[in-house]
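Report on one structure; see the data block that follows.
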Amino acid sequence: MINNKTEYSWPANFPEGIPALEETVPAEGWVYRLARTFPPTQVDFLPHREEKPNYPYNKDQIPLSYGVSVWTKLDKIKQVARNYPYPEQYGNWHTVCGSLCPELGVIPKELTISGHVTLWVQEGAKPHEHISHKVDE
């Protein structure tokens, strides 16, 4: 049990201590995400480690790799999309937005200046049902 008395159930593949509950708070706030499909599906909200299973993570990146990346700033997610010039990487993706809620999982207490947020999604949560509004380009 953590803040807000919300009980969380983490996926079986999460190692013990991930997420570090003393460094997190229940998810909240308006966020953006790049989605392959519109409307988005659960596949659009896979943790990085599931999207890129052979990626070599350093020690500090391991906890983040179990989360889903979202952004609090629209201009930052547009910059992410621009950083990948090949259409097969992001050309046909959609920017979606929506509100996080505690039932989805947790986010870091300390947010980054870049607007990047890691969302650790609890077992059974459906972020695609909350972050589902298409952003007009």
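Would you kindly find the accessible area of residue 36, with a 1.4 Å probe and non-protein molecules such as ligands, DNA and RNA excluded, rounding to the nearest 10 Å²?
Probe radius 1.4 Å; accessible area of residue 36 about 100 Å².
Counting only protein heavy atoms, what percent of the accessible surface of the chain is carbon or sulfur at a 1.4 Å probe?
Numbers: 4220 of 8330 Å².
In the chain, the share of accessible area belonging to carbon and sulfur is 51 percent.
Mind listing the phi-derived Karplus ³J(HN,Hα) values for the stretch 36-43, rounded to whole Hz, using 6.51, -1.76 and 1.60 with θ = phi - 60°, and x for any glycine or proline?
Once rounded to whole Hz, the list reads 6, 10, 9, x, x, 10, 4, 4.
Compute the length gained on full extension between residue 41 and residue 79: take 0.36 nm times their separation in residues and subtract their Cα-Cα distance, giving the result in nm to one decimal. Spell out each step's value before the answer.
Values: separation 38, 0.36 × 38 = 13.68 nm, distance 2.30 nm.
In short, 11.4 nm is gained.
Among 92, 70, 21, which residue has its Cα furthest toward the positive end of the charge dipole of the chain, with +1 on Lys/Arg Cβ and -1 on Asp/Glu Cβ?
92
Roll a 1.4 Å probe over the protein chains and send me the accessible area per residue for the chain in Å².
61
Taking H placed 1.01 Å from N in the peptide plane, check which residues at least 5 places from residue 24 or on another chain put their amide H under 5 Å from its amide H.
When sequence neighbours closer than 5 places are left aside, the close amide H contacts are 109.
Can you bin the chain into rounded, prolate or oblate? Criterion: square roots of the alpha carbon gyration tensor eigenvalues sorted a ≥ b ≥ c, rounded for a/c under 1.5, prolate for a/b above b/c, oblate for the rest.
On the way: a/c = 1.67, a/b = 1.39, b/c = 1.20.
Taking the square roots of the gyration eigenvalues as a ≥ b ≥ c, the chain is prolate.
What are the lysines whose alpha-carbon lies under 17 Å from the alpha-carbon of residue 78, with same-chain residues fewer than 8 places away excluded?
Within the straight-line limit of under 17 Å, residue 78 reaches these lysines: 134.
Place a +1 charge on the Cβ of each Lys and Arg in the chain and a -1 charge on the Cβ of each Asp and Glu, then give the dipole magnitude about the Cα centre in debye, rounded to the nearest 20.
The dipole magnitude comes to about 360 debye.
Give the shape of the stretch 91-137 as rounded, prolate or oblate, defined through the alpha-carbon gyration tensor: a ≥ b ≥ c are the square roots of its eigenvalues, a/c under 1.5 means rounded, and otherwise the shape is prolate if a/b is larger than b/c and oblate if not.
In terms of gyration-tensor shape, oblate.
Work out the FRET efficiency for residue 30 and residue 58 from their Cβ-Cβ distance, taking R0 = 30 Å, and round it to the nearest 0.05.
Numbers: r = 30 Å, r/R0 = 1.01.
Rounded to the nearest 0.05, the efficiency is 0.50.
The values are calculated or read from the model by the stated rules, or taken from the named source; none is laboratory data. Not measured: the values here are computed from a predicted model. Neighbour counts run over all protein chains shown; Cβ positions are idealised from the backbone, glycine included. Heavy atoms of the whole protein, side chains included, go into the accessibility calculation; ligands, DNA and RNA do not. Shrake-Rupley method; radii C 1.70, N 1.55, O 1.52, S 1.80 Å.
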